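The values are calculated or read from the model by the stated rules, or taken from the named source; none is laboratory data. In this text the structure is predicted, and so the values were computed from the model without any measurement. Backbone-built Cβ (ideal geometry, glycine too); neighbour counts: all protein chains shown.
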Amino acid sequence: MESSGMPQSTTPRMPCTLQSLARRSLLLRHRKEARQPRRISCEATGGGHVDRRDVLLGFGGAVAAGLATDRGAAIAAPIQAPDLRNCHRPDLPDTAPDTNCCPTYRAGSSIIDFRPPPASTPLRVRPAAHLVDREYLAKYERAVRLMKQLPADDPRSFEQQWRVHCAYCDGAFDQVGFPNLEIQVHNCWLFFPWHRFYVYFHERILGRLIGDETFALPFWNWDAPGGMTLPAIYANRSSPLYDERRDPAHQPPVLVDLDFSGTDPNIPRDQQIDMNLMIMYREMISGAKKTELFLGQPYRAGDEPDPGAGSFENVPHGTVHFWTGDPRQPNGEDMANFYSSARDPVFFSHHGNVDRLWRVWRGLRPGNTDFADPDWLDAAFLFYDEDARPVRVRVRDCLDTATLRYTYQDVGLPWLNARPAQKSAGTPAPAAGSLPATLDKTVRVTVTRPRVSRTRKEKDEEEEVLVVEGIEIADHFNRFVKFDVLVNEPESGVDATTAAATMYCAGSIAHTPHMMRHDKEKEKGSVKTVARFGVCDLMDDIGADGDKTVIVSLVPRCGGELVTVRGVSIGYVK
Ligand code: C2O
């Protein structure tokens, strides 16, 4: 059963909750002076007195402990579409062969505001890549071939198309009004909507090139057993869909490892499939009960990049990038590095599935699961359309895929009940090491749970969230970084290669390398971020729901020596 797109509300504002108050005041501290006036004040709807303690609890222990008291003076604004005339060639290392990401700018071309296609436009139906027929494949290959033949400076050419991704994730664009800050569409709440538009315009251009306005890109159905290999249509050397910069050890029929950590687990196929399904279950169901846990953290005008990815962005999104990239290349090109990833045509298929699963996630949750925050809804980007016109889009324009006139082939959701087996939990391994620490080895710390044995209703209202704070990844342009977060890992140990599919695993941080703007005031190229994992179900499964403390292990899987972590705490999210 594939959920159909639900009517999506674009209501401008929900009542101001403690949650958003807390978020705003926290964000304010990181913001530069120059701001645009906030259009909507929380006070207008809040009215009453807010107990600071509630705000703290509503946000989460140690993070909230640093809250400023200037709550209420908050001013914020959505990220604005970049100014194409103001694009900087990212400062990529010499090992990157091709470092100019800036899109063609044609002087005088005026920017148009996005309008959805007429409701009478035929629906594009995106097929699963492993299920397409010869006729479809011929059409798709022809479209990509034509795109690759366009002059390199045509905004619709494949050359220009892949660079769009690089521009939005390697610091090419300034935030409008904040020349010291870059626009970054990963590791924040822009991740899903930005990539939805990116794939959407790419698809429209391909359709136009073959004169077929119903053309739909295929999606790489890596969440179902039948789709868990690199789709064969991309593996044919004489096809325009082929890319030589891929891991030669990961060609069909090798199964994708949604927990890929740099080495291939030597496990039977059935076990790999089960692991992948359990990881899907965690990322879509048990760990993704609240909007921000799935969509990522707020990121507004004036904010530093990378406030925090939804856990899905790390796994499986990031791990599939890593698994596909070529370890023989200096920077994991193409897919294991954000600057190069969209140079591989399978990128668009990978992101088709990411997009499909966003839609599925919303469909599984009755009611509105979007952020009601205007700073999300009005965040804007620029893309070129099939007529090579620059179009300004806003997040609110993309929330309903039916309005965009596309849908997905119904292929079922085989992970829907793939909850990891509950075993009686053994004695937890004792704490080892302390934070802050560099993750060159496993660190295990005791973490206090502010509330224990909550009722079902309390748990539904507020998800328990494990917060891994102060994650700093040193300049890591050529290295993928991943570490797993386990709770009450038993003394007897869990095998690292299968740990991610056990009831102890809250999730992973899996960071695809990208270049940061090298600001004078900032340490060169380091990424600073936070990770959050929903753990209500996990606490029940491991039998820790009544425990005042748990032991959290941070287990480095690759590039741990590049990572430092400041702390781990437990908070709650509405
Ligand atoms: Cu923009 Cu899969 O990354």
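Looking at Arg196, Arg163, Arg145, which is the one that is more than 16 Å from the ligand (Cβ to nearest atom), part of a helix (DSSP H, G or I) and of a type in the set (Lys, Arg)?
Unique residue meeting the criteria: Arg145.
Take Leu404 and decide whether it is surrounded by fewer than 18 Cβ atoms within 10 Å (Cβ to Cβ), in a loop (DSSP other than H, G, I, E, B) and at pLDDT 95 or above.
no
Can you give me the number of residues within segment 241-259 that are out of contact with any Ser or Thr (no Cβ under 8 Å at 6 or more places or on another chain) and surrounded by 19 or more Cβ atoms within 10 Å (Cβ to Cβ)?
Selection size over segment 241-259: 2.
Could you check how many residues of segment 391-432 are in contact (Cβ under 8 Å) with a residue 60 or more places away in the chain and under 30 Å from Leu554 (Cβ atoms)?
Final tally of qualifying residues: 17.
Looking at (1) under 23 Å from His514 (Cβ atoms); (2) assigned to a strand (DSSP E or B), find the lone condition where Gln184 falls short.
With respect to (1) under 23 Å from His514 (Cβ atoms); (2) assigned to a strand (DSSP E or B), Gln184 is out only on (2).
Are there any pairs with C-beta distances below 6 angstrom linking a residue in segment 278-292 that is not assigned by TED's automatic domain parsing to the domain that holds Val467 to a residue that is acidic (Asp, Glu) and surrounded by fewer than 24 Cβ atoms within 10 Å (Cβ to Cβ), with the two at least 6 apart or on different chains, and if so which?
Within 6 Å, the pairs are Ser286/Asp537; Lys289/Glu463; Lys290/Glu463.
Taking the stated definitions as given, is Phe173 aromatic (Phe, Trp, Tyr), assigned by TED's automatic domain parsing to the domain that holds Leu241 and touching a strand residue (DSSP E or B) at 6+ places or on another chain (Cβ under 7 Å)?
So Phe173 passes the test.
Return only the number of the condition from (1) among the acidic types (Asp, Glu); (2) surrounded by fewer than 24 Cβ atoms within 10 Å (Cβ to Cβ); (3) under 30 Å from Asp373 (Cα atoms) that Asp170 does not satisfy.
(2)
Looking at segment 202-226 only, could you name the residues that are part of a helix (DSSP H, G or I), of a type outside the set (Asp, Glu) and away from the ligand (no atom under 14 Å from the Cβ)?
Within segment 202-226, Arg204, Ile205, Leu206, Gly207, Arg208, Leu209, Pro225, Gly226 qualify.
Test Arg389 against the stated conditions and say whether it is surrounded by fewer than 21 Cβ atoms within 10 Å (Cβ to Cβ) and under 22 Å from Pro298 (Cα atoms).
Considered against the rule, which asks whether it is surrounded by fewer than 21 Cβ atoms within 10 Å (Cβ to Cβ) and under 22 Å from Pro298 (Cα atoms), Arg389 comes out as no.
Could you check segment 174-188 and list, in sequence order, the residues that are away from the ligand (no atom under 14 Å from the Cβ), at negative phi and touching a residue at least 24 places away in the same chain (Cβ under 8 Å)?
Matches in segment 174-188: Asp174, Gln175, Val176, Phe178, Asn180, Leu181, Glu182.
Would segment 136-144 turn up any residue that is at pLDDT 95 or above and within 29 Å of Pro374 (Cα to Cα)?
No - not one qualifying residue is present in segment 136-144.
Which of (1) under 28 Å from Ala342 (Cα atoms); (2) among the small types (Gly, Ala, Ser); (3) part of a loop (DSSP other than H, G, I, E, B) does Ser434 not meet, given it meets every other one?
(1)
I need a count of the residues in segment 361-386 that are out of contact with any helix residue (DSSP H, G or I) (no Cβ under 8 Å at 6 or more places or on another chain) and either without any contact (Cβ under 8 Å) to a residue 24 or more places away in the chain or over 26 Å from Arg163 (Cβ atoms) (or both).
9
Specify the residue that is nearest to the ligand (Cβ to nearest atom); the eligible residues are those in segment 338-369 that are crowded, with 21+ Cβ neighbours inside 10 Å and not in a helix (DSSP H, G or I).
The selected residue is Phe338.
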